[in-house]
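What follows is calculated from the coordinates using simple rules that are stated; it is not laboratory data. Given the structure is predicted, the values throughout are model-derived calculations rather than measurements. When we count neighbours, we look across all protein chains shown, and the Cβ atoms used for this are built from the backbone with ideal geometry, even at glycine.
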Amino acid sequence: MIGKIIKAQKEIYYVLANDESYMCKARGVFRNQNIKPLVGDNVEFEIREDNKGYINNILERKNEIKRPNIANIDQILYFVTIKNPSLNLFNIDKYLAMCEYINIDVAIILSKKDLAEEKDLEFIRMYENIGYKLIFIDNYNDFPKDKIMNLLKGKTSAVSGSSGVGKSTFLSNLVDYDIEIGSISEKSKRGKNTTRHIEIFNLGKNTNIFDTPGFDSFDLDFIDDEKNLKYCFKEFDNKSCKFNNCNHINEPKCKVKDDLLNGYISKTRYENYLTLFDDIKRRREKW
Ligand SMILES: Nc1nc2c(ncn2[C@@H]2O[C@H](COP(=O)(O)OP(=O)(O)O)[C@@H](O)[C@H]2O)c(=O)[nH]1
Ligand SMILES: [Mg+2]
Ligand SMILES: [Zn+2]
């Protein structure tokens with residue numbers, strides 16, 4: 001049979017196939033080859049006479065993320081808030097750049113819109129203009145379930161974003177399951193020895209969403225050469241700068257800088273680009 005690993009706890013993998021979840025162990029061959037099945041993996045498995053399941057083969061992965069270590073993600077829902085916690089534009093731009101770099105679709109979920117002022121919400125629309133999907137939510141009073149289900153349909157999505165932005169509350173609006181919300185800090189949770197397992201919730205045919213308790217955000221390998229950063233800012237694409245390999249910094253006849261002056265490119269985005277460019281460069285030169 002073929003199924004998807006939806007949960008891993010110790011050495012037991014829960015594999016979902018035809019709406020049924022099977023408890024499986026990984027065959028020894030994996031350990032010998034140093035391959036570990038991941039949540040999100042599509043696998044071939046069999047149920048033996050003793051009613052135990054065994055994973056025989058892992059199908060090819062579309063992608064893999066390290067922390068949390070999960071596979072086959074179609075899109076990330078990146079949660080941000082204007083207030084509680086307050087917005088950090090640099091972190092957003094860095095995160096979006098990382099998603100571009102590893103080529104994973106990302107949708108921005110502006111959570112706690114009830115705490116935001118209209119002008120701040122307007123400002124965030126800039127990301128929509130650049131080409132990102134953007135959804136405003138209020139988890140308690142105005143949860144756009146249809147819009148969200150539309151976004152999730154037929155895909156495996158992972159929620160991401162700082163602690164306290166409303167990810168768990170969001171998930172509890174979607175799944176019929178007891179999800180721990182707020183108040184208890186990640187630290188005290190760990191103190192209580194809560195198992196930190198990664199789990200996928202199934203929301204319908206081929207529609208899954210990851211809950212990753214204990215992780216604030218994905219820790220992605222970042223760009224090794226600053227010259228590749230320009231490809232990670234969507235709005236810099238297809239600009240007819242004088243030089244093909246223009247980094248949009250000091251080069252003459254740069255379209256990106258023209259657009260910056262004309263207000264077509266956001267000043268904060270451009271400044272964050274420069275900061276990231278320098279960060280990557282400095283790190284590379286230190287090697
Ligand atoms: N005002 C407001 N508070 C929210 C909203 N969503 C979640 N919260 C609160 O924000 C806190 C953190 O939420 P939680 O879902 O645990 O965030 P997580 O750390 O991202 O999983 C909790 O106290 C929630 O009750 C929202 O849309 N509006
Ligand atoms: Mg949470
Ligand atoms: Zn340029």
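A few remarks follow.
- Shape summary of the range 72-134, radius of gyration then Dmax from alpha carbon positions: 11.8, 37 Å.
- Cα principal axis extents for the range 64-211, largest first, Å: 42, 31, 29
- A convex hull fitted around the alpha carbon atoms of the chain yields 166 Å³ per residue.
- Formal net charge of residues neighbouring THR81 (Cβ-Cβ distance under 9 Å; K, R +1; D, E -1): +3
- Couplings 3J(HN,Hα) of the range 7-16, computed from phi: 6, 10, 9, 6, 9, 9, 10, 9, 10, 9 Hz, in residue order, whole Hz [Karplus 6.51 cos²θ - 1.76 cosθ + 1.60, θ = phi - 60°; x for Gly and Pro].
- Test item: Cα-centred dipole of the chain, Lys/Arg +1 and Asp/Glu -1 on Cβ, debye: 680
- Burial ranking of peptide ranges 84-92, 150-158 (average Cβ count within 10 Å, highest at the top): 150-158, 84-92
- Using a Förster distance of 22 Å, the FRET efficiency for ASN129-SER163 (Cβ separation, nearest 0.05): 0.15
- All Cα-Cα distances of the range 2-58, cut into 10 Å bins from zero to the largest, leave 27, 61, 12, 0 percent in each bin in turn.
- Extension gain for GLU285-SER240 works out to 13.3 nm (0.36 nm per residue, less the C-alpha to C-alpha distance).
- For the cross-link pairs LYS119/LYS230; LYS133/LYS205; LYS242/LYS267; LYS112/LYS205; LYS25/LYS145, the ones whose C-alpha atoms lie over 31 Å apart are LYS25/LYS145.
- For a straight C-alpha distance cut-off of 12 angstrom, the aspartates and glutamates reachable from LYS66 (same-chain residues fewer than eight places away being disregarded) are ASP219, ASP221.
- Computed E for TYR231/MET23 - FRET, C-beta separation, R0 30 angstrom, nearest 0.05: 0.10
- Of LYS94, LYS52, LYS255, the one that fluctuates the most in a GNM where the chain has Cα springs shorter than 10 Å: LYS52
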